[in-house]
Amino acid sequence: MKRGIHMHAQGSVLLGVDPLVLLDHYEIDYHHSYAQDSPFFVGLSKKKLLGSCCTECGYIYATPRSHCMECGAATDWCELPLTGRVHTFTTCYFGGEVFLDETPFTLILVEFDGVDSLFLARLKGMEPSTVHIGLPVVARFAKTPSFKVTDVWFEHTHR
Amino acid sequence: MRPVYMISGGITKFAKAHINKDFRLMVKEAYDYALRDVPRFSKDMIDGAVGSYFSDHFTRQLKAASMVQDYLGLCPKPSKRVEGGGATGGLCFQSAWEAIASGRMNCCLAFGFETMSRVNTWKGNEFIALASDTNFDFPVGGFYSGYYAMMVQRHMYEFGTTVEQLAMVSVKNHVNALCNPYAQKAKRLSVKQVRESPMVATPLTMEDICTMSDGAATCILASEELAAKVCDRPVRIAGVGSGSDTMRMADRPHDKVMLLPHEQESDYLHLRYPGVHSFRGGRMAGKLAYEMAGIRNPLEELSFVELHDAYTSSEIQTYEDLGLCKYGEGGRFVESGAPFMADVNYGLDIPKAGRLPVNPSGGLLACGHPVGATGLMQAVFAFWQLQGTTSKHLGDDTLQVQQAKRGLIHSHAGTGTYITVSILEAT
């Protein structure tokens, strides 16, 4: 069922009669605020990867958070290195409906030197069978930002 | 805290789709089954109920537990809904336990359901993936099988776990379910067939992953006095525990193992824990439940385990979290035969089967996973095992664990963000 057709349809679309099964469309626009995480997404548009550094205990988060889970203190924004290593990986041949068209895609958790936690991203430009733990990777940024976490992805680097 | 007993339970068969039953009717069937199993018990002895279902997206009906309360004729008694992702059923069970342990109620009904068939499988996967961080995780390719695949890749790297060991879990649970008429997907499989089924997220294939289901389950919990009055063989809930972990796998620390009584620090000198290879929340839940039940060595002191095998990999990871073997030994634990049933033919070369059967019901892999019902389904199977009534309820005694004294049930959410462990004992 194409969305446009359904949204303007008069009456109901029946998918079955015994039992009676009705097509029920459901769609909604949210005003999704990144709130205190906003600087991270702005940073991506400037080709920067911003993590969080705890002002009290020094814990450094690759995925930002405005308060430290270890000690509870506020964190500062800090620039992460743009190169890291694959901590773990998978190639997805199926996915949630919104991502089905993009399969197969490779997900990685990236580890950075001197950073305590990891970062989830896609790895692009690699044959799935050649990806391995420890692979050196470099961040790449979208030329036109969509202000989503996918504005950054990683590629294999020989450095 | 007062002692708490389970006095009855019921399950509505788990199926790909129950198109002729909505969630109210599915729960009603499981509820009536439970009532029929305790003839001296009557509905007016129920003081209140806790309902569990995971997703408002799947149900498309907010306050659905109120509609069940109403349909079962339990109004105006106390009622609430518990939600905690995949652990919803386990949390519901423990919430009913709390109502009785605290003295607030003498009898509490726990009911759970999920109706997952009303959207296609990939939309369903999307709904489930919304239970990951929607700023940082979901947009990258939100897909739980992908998250679990990343965890097991790291488990394989750290410990040498193999895809064949994962496949043995799939064979075990699917074959166990051949004698469980409530299961959705019982079948005989070989390791080769598991590996040759379509790849979903490397290294996990279709047969490494549970399916979506429609289904319901109910448990009736009671005080000691009421249990003794109405039930010939009540089962005591000897321990409960639960745990949690960071929403994002990326945030998991790399620290020291939280030890169980039979482990020592020297067992894990070089292991950075939990990382993404282990479930710290599962270890916490197990530790707390063991402490309450007085268990010091689970492998020696449990008769069977029903655990949350949404993935073959998470079954292996959970062996370790629960201390059935040491961290890193989960793959070899399967190969040893320990978690298989002693007298079932799996078509595998197993050295010594049956030391501690895990998922005799078939688990989520073969029973299916109607999320809100799953943790309660585990409780019902554990209850029947400990009563020794498996034959009566399944029509076959193949899956009855002989002289079952004590069973563990384990319910698990997200990438390990909520986990419950409950210990049940025969009386």
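Of note:
- Kirkwood Rh and Cα Rg combined as Rg over Rh, evaluated for the stretch B:33-105: 0.98
- Length-normalised contact order of the stretch B:164-213 in % [C-alpha pairs under 8 Å, at least 6 apart]: 33 percent
- Relative contact order [Cα under 8 Å, 6+ residues apart], the stretch A:37-156, whole percent: 25 percent
- Less than 5 angstrom separates the built amide H of A:PHE119 from those of A:VAL110, all sequence-distant by 5 or more or on a different chain.
- Structure-based [θ]222 nm, chain B - -39500 (n - 2.57) summed over DSSP H runs of at least 4, per residue, nearest 500: -10500 deg cm²/dmol
- In straight-distance terms, cross-link reach from A:LYS143 covers every one of the lysines whose alpha-carbon lies under 28 Å from its own, apart from those fewer than eight places away in the same chain; here that gives A:LYS46, A:LYS47, A:LYS48, A:LYS124.
- For residues of A:97-104, the mean tally of beta carbons on other chains within 10 Å: 5
- Euclidean distance between Cα centres, the stretch B:257-286 to the stretch B:56-92, Å: 35 Å
- Isotropic mean projected area of the C-alpha convex hull, the protein assembly as shown (nm²): 27.5 nm²
- Per-residue Cβ neighbour rank within 10 angstrom, fewest leading, B:GLU224, A:GLU102: A:GLU102, B:GLU224
- Seen against the Cα atoms of chain B and their longest principal axis, helix B:23-36 is set at about 70 degrees.
- Per-residue Cβ neighbour rank within 10 angstrom, fewest leading, A:GLU97, B:GLU225: B:GLU225, A:GLU97
- Between 0 and 90 degrees, the angle of helix B:163-176 with respect to the longest Cα principal axis of chain B falls at about 30 degrees.
- Sorting the segments A:136-144, B:414-422, B:133-141 by their mean number of nearby beta carbons within 10 angstrom, highest to lowest, gives B:414-422, B:133-141, A:136-144.
- Across chain B, the mean sequence separation of Cα contacts (distance under 8 Å, 6 or more residues apart), normalised by length, yields a relative contact order of 25 percent.
- For the stretch A:37-156, the Kirkwood estimate of the hydrodynamic radius, built from every pair of different alpha carbons, is 15.0 Å.
- Acute angle (nearest 10 degrees) that the helix B:371-387 long axis makes with the longest principal axis of chain B, alpha-carbon atoms: 80 degrees
- Sequence of B:TYR144, A:TYR34, B:TYR311 once ranked by neighbouring C-beta atoms within 10 Å, starting from the fewest: A:TYR34, B:TYR144, B:TYR311
- Across peptide B:113-126, the mean count of Cβ atoms from other chains lying within 10 Å of each residue's own Cβ comes to 2.
- Within 10 Å of the Cβ of each residue in B:194-202, the mean number of Cβ atoms contributed by other protein chains is 4.
Taken together, the values in this text are just the output of simple stated rules run on the coordinates, not laboratory data. Because the structure is predicted, anything quoted here is derived from the model rather than measured. FYI the Cβ positions are ideal-geometry reconstructions off the backbone, even for glycines, and counts take in every protein chain you see.
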